[in-house]
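Just below is one structure, and these are the notes that go with it.
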Amino acid sequence: QVHLVESGGGLVQAGGSLRLSCAASGSIFSINFMGWYRQAPGNQREFVAIITSGGVTRYADSVKGRFAISRDNAKNTVYLQMNSLKPEDTAVYYCKCVQVRAGYPQTDYWGQGTQVTVSS
């Protein structure tokens, strides 16, 4: 079992920055990747960024050039640095990890979410 806890959300003005953190604990072995998703009111949860165990990253087109995902393996933590924030970035941001273990089904874990609100 993997437990994810997000932090770092808050209220910022357009053009500002926030850094989200997601700390993983529990059975953290065999985590294939960790990423960030977001869900705005009335919308489905959407992909934001992902980083694999090998350090390969991918971003949604809407955040390319503004957001950066990184990880600290020693702390079992993934970060999302968000710069040049726009009001349309307002959403609840969720951390996700995918655990792939031989002989077991792939397991997805989600954090509780952290609110990011960008004012205009």
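The values are calculated or read from the model by the stated rules, or taken from the named source; none is laboratory data. A quick note: this is a predicted structure, and the numbers were derived from the prediction, not measured. For neighbour counting, all protein chains shown are included, and Cβ atoms are generated from backbone atoms with ideal geometry for every residue, glycine included. These area figures cover heavy atoms from the full protein model, side chains too; ligands, DNA and RNA do not enter into them. Shrake-Rupley method; radii C 1.70, N 1.55, O 1.52, S 1.80 Å.
Structure notes:
- Residue count for the range 96-120 satisfying the condition of being open to solvent by 80 Å² or more (accessible area, probe 1.4 Å) and among the polar types (S, T, N, Q): 4.
- Every pair of residues 6+ apart whose Cβ atoms lie under 6 Å, when the first sits in the range 39-57 and is free of Cβ contacts under 8 Å to residues at least 40 places away in the same chain while the second is in a loop (DSSP other than H, G, I, E, B): Phe47/Ala60
- Scanning the range 61-95 for residues that are farther than 15 Å from Leu18 by Cβ, of a type in the set (Lys, Arg) and modelled with pLDDT of 95 or more yields one hit, Lys64.
- Checking each residue in the range 59-84 for being within 28 Å of Ile28 (Cα to Cα) and touching a residue at least 40 places away in the same chain (Cβ under 8 Å) picks out Lys75, Asn76, Thr77, Val78, Tyr79, Leu80, Gln81, Met82.
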